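**Q** Starting off with a structure, shown below.
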Amino acid sequence: MRAGTFLVVTSINSPNAVLHSLAKGAKESGVQFIVVGDRKSPPDFTLENCDYYSLTDQQSLDFRFAAECPAGHYSRKNVGYLIALKAGAEIIIETDDDNHPRPNFWAQRVRSHISRIESNPGWVNVYRHFTDAHIWPRGLPLDEVTKSPAPISNNGLIESPIQQALADENPDVDAIYRLTLPLPQSFREEQPVALGRDVWCPFNSQNTTWWKEAAPLLYLPSFCSFRMTDIWRSFVAQRIAWGNGWHITFHSASVWQERNEHNLLKDFEDEVPGYLHNRKICKRLSGLELASGPANQIENLTACYTALIDLGVIEPEELGLLEAWSSDLGGI
């Protein structure tokens, strides 16, 4: 990969096999690797070929957000994005500490792809374009999970500054799936799928690539359910992307997940706000009048999160953190 590519992970674990593999691959590929710790991280975290930032390290940085973001929350990953951007990132790749990279994970990221273009307005289960199995991504409304998307006949060259790749073995599914349906599951190698305007599908933070022009949309909210922070981010990013003329692109798997230990009933509890409100959230976002063009992304972020606060799904304190994020971006 060329200079200017950064890999960002947040972890509270000691260096494990995944983190060692990511560090090794990053060095071999010329990628700068950032790990963001948190309150529960081991005090003696040491990993060669990795820039590690403990909670104390983060709070000493010249970022308002790093000082104001709550500890003990996945949204501290935002600090890693800011560090990468300040260091000159043109491309930010994010994953988690339980996703084993495959060789294609280290391929140079390309903004343009010949893709299948999903243009039918409404919800689409992108997973079903890569498998015939009954499976759906975390965040898809439950009344959509039994629907199969129609085959896509429209192909074209798509430029996309936000790209999600899938994960094999233990893909990102919700607790209802995990409690009732079989794993492991894997996906076919297929042509990418690009979502057009007014097409909704949740995407996560487990294997996603962001180009610098979309950097404001990296923002992960803090004052909401832990299991919804990246999903609701994805909805906000999709809504703003439409006004920028951008597609969201999904690729075949480039990692396989060996999932960290989870309490599935606790995951279910934390996902309830999504089960109840994801459709309503996207309806509200669809109805917003936003200014078009990348120059208006901060203004549009504020409008979107204000709408989610008005819906009662995110706490009002989020706007203070969003202001800090915006201020830090402006200073980079």
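The values are calculated or read from the model by the stated rules, or taken from the named source; none is laboratory data. The model shown is predicted, which means the values in this text are computed figures rather than measured ones. We place every Cβ from the backbone using ideal geometry, glycine too, and count neighbours over all the protein chains shown.
**Q** Going through segment 269-287 one residue at a time, which ones are assigned to a helix (DSSP H, G or I) and more than 17 Å from residue 230 (Cβ to Cβ)?
**A** Looking only at segment 269-287, we keep the residues that are assigned to a helix (DSSP H, G or I), and these are 269-286.
Within segment 269-287, 269, 276, 279, 280, 283, 284, 286 meet the criteria.
**Q** When you look at residue 84, is it part of a loop (DSSP other than H, G, I, E, B), in contact with a strand residue (DSSP E or B) (Cβ under 7 Å, 6 or more places away or on another chain), surrounded by 14 or more Cβ atoms within 10 Å (Cβ to Cβ) and in contact (Cβ under 8 Å) with a residue 24 or more places away in the chain, yes or no? Steps first, answer last, please.
**A** On the way: part of a loop (DSSP other than H, G, I, E, B): no; in contact with a strand residue (DSSP E or B) (Cβ under 7 Å, 6 or more places away or on another chain): yes; surrounded by 14 or more Cβ atoms within 10 Å (Cβ to Cβ): yes; in contact (Cβ under 8 Å) with a residue 24 or more places away in the chain: yes.
It is false that residue 84 is part of a loop (DSSP other than H, G, I, E, B), in contact with a strand residue (DSSP E or B) (Cβ under 7 Å, 6 or more places away or on another chain), surrounded by 14 or more Cβ atoms within 10 Å (Cβ to Cβ) and in contact (Cβ under 8 Å) with a residue 24 or more places away in the chain.
**Q** Only one of (1) at pLDDT 95 or above; (2) more than 16 Å from residue 215 (Cβ to Cβ); (3) in contact with a helix residue (DSSP H, G or I) (Cβ under 8 Å, 6 or more places away or on another chain); (4) not in a strand (DSSP E or B) fails for residue 9. Which number is that?
**A** Of everything listed in (1) at pLDDT 95 or above; (2) more than 16 Å from residue 215 (Cβ to Cβ); (3) in contact with a helix residue (DSSP H, G or I) (Cβ under 8 Å, 6 or more places away or on another chain); (4) not in a strand (DSSP E or B), residue 9 misses just condition (4).
**Q** Considering only residues that are closer than 22 Å to residue 254 by Cα and modelled with pLDDT under 95, which ones fall in segment 16-48?
**A** Passing the criteria: none in range.
**Q** Let me ask something else. Looking at segment 124-159, which of the residues that are buried (at least 21 other Cβ atoms within 10 Å of the Cβ), in contact (Cβ under 8 Å) with a residue 60 or more places away in the chain and hydrophobic (A, V, I, L, M, F, W, C) is nearest to residue 230 (Cα to Cα)?
**A** That would be 140.
**Q** Tell me which strands (runs of 3 or more DSSP E) are completely within segment 162-226 and hold 3 or more residues being within 13 Å of the chain's Cα centre (by Cα), or say none if there are none.
**A** Hits in segment 162-226: 162-168, 207-211.
**Q** While we're looking at this one, here's another question. I'd like to know if segment 241-248 contains one or more residues that are touching a Leu at 6+ places or on another chain (Cβ under 9 Å), part of a strand (DSSP E or B) and closer than 22 Å to residue 145 by Cβ.
**A** Restricting attention to segment 241-248, the residues satisfying the condition of being touching a Leu at 6+ places or on another chain (Cβ under 9 Å) are 241-243, 247-248.
Checking which are part of a strand (DSSP E or B) leaves us with 248.
Of the ones still in play, those that are also closer than 22 Å to residue 145 by Cβ are 248.
Scanning segment 241-248 turns up at least one residue that is touching a Leu at 6+ places or on another chain (Cβ under 9 Å), part of a strand (DSSP E or B) and closer than 22 Å to residue 145 by Cβ.
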